Amino acid sequence: MNNVLVVALDYLRALLHRRLLIALVIVVLLITLIFFMVFASVSRLLEESQQLIAVLVVFYAITSFCGCLVAIYVGASAIHTEISQGSIAMILARPVSRWQFLLGKYIGAVAVLLGYSLAMGGLMAVYILVFDLDALPATRYAPWMTFCQFLIMGTLALVLSTIMHPSIAAVLAFFSDLGWVFEFFVTEGPFFYISYALPSYNLYNVWIHLISTTPLYGWGDVTMLTLYAFDLALIFFLLAMWRLRYKEVT
């Protein structure tokens, strides 16, 4: 287990030096700033309470989208970078097995996504306390639902990156929400249950719930969606582990 933690910490340190990730954060901040400047000029047409809620919804939508980009990036580049640079051979030459290497990388990626979700939730909590918006029940579970979405998307990008170029894996992971196909075209019958084995990001897009004064999710729904996300993440991770076991890395 010590080897797994070493790999995870090393991956976290490597992410801090990734220019692409830093550039992504800077672009996100600029887009957010520009969007809020445009939104401020439009929001004058709304009432004060509606403005406060609208700003919260916009903030959640932007940070959620940017978090998806981060999830795809850390997932798709977790092991591909090591393979392309040849550093994985040196790591595996030590007493580190392939499953320990993959698990360490995965733990590091999940830590980044969890930290991002906690930061987003913290900023939402501060905003709610300052403007007294505690009447919005969806804010209690929105950050966690977003993390579950990040988890599915990042893990799918990870397993896809083991069989194709990470840029292609990132695009496929981002547009792999197949739950809507069954939602609109197959609503019953045995084929409907296949949807439970496919990624469905739409289930975790709870930004629309923020404008509702009554909870659209109960804690039972949150629990089931959490189990669904963790089940899919486990399946994708096991597939990635199986693929890495037979992948040529030298």
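The values are calculated or read from the model by the stated rules, or taken from the named source; none is laboratory data. Just so we're clear, the structure is a prediction, and the values are computed from it rather than from any experiment. Reconstructed Cβ throughout: ideal geometry from the backbone, glycine too, with neighbour counts over all protein chains shown. Note: accessible area is taken over every heavy atom of the protein model, side chains too, but ligands, DNA and RNA are not part of it. Shrake-Rupley method; radii C 1.70, N 1.55, O 1.52, S 1.80 Å.
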Count the net charge of all other residues whose Cβ sits under 15 Å from the Cβ of ILE152, scoring Lys and Arg as +1 and Asp and Glu as -1.
-2
Rounded, prolate or oblate, given the Cα gyration tensor of region 55-117, with a/c below 1.5 counting as rounded?
prolate
What's the FRET efficiency of ILE62 with ARG94 using the Cβ-Cβ distance as r and R₀ = 41 Å, to the nearest 0.05?
0.45
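Tally Lys/Arg at +1 and Asp/Glu at -1 over every other residue whose Cβ is under 14 Å from the Cβ of MET164; what's the total?
Charge balance near MET164 sits at +2.
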Which residues among region 138-179 fall inside the zone where the amide N is under 19 Å from a point 7 Å beyond the Cα of TYR246, along Cα→Cβ?
159-165
Expressed in nm to one decimal, what extension gain is obtained for the pair HIS165 and LEU114 from 0.36 nm per residue of sequence separation less their Cα-Cα distance?
15.8 nm
Solvent-accessible surface ranking, highest first, for PHE230, PHE236 at 1.4 angstrom
PHE230, PHE236
Between LEU129 and ASN2, what is 0.36 nm times their sequence separation minus the Cα-Cα distance? Round to one decimal in nm.
41.6 nm
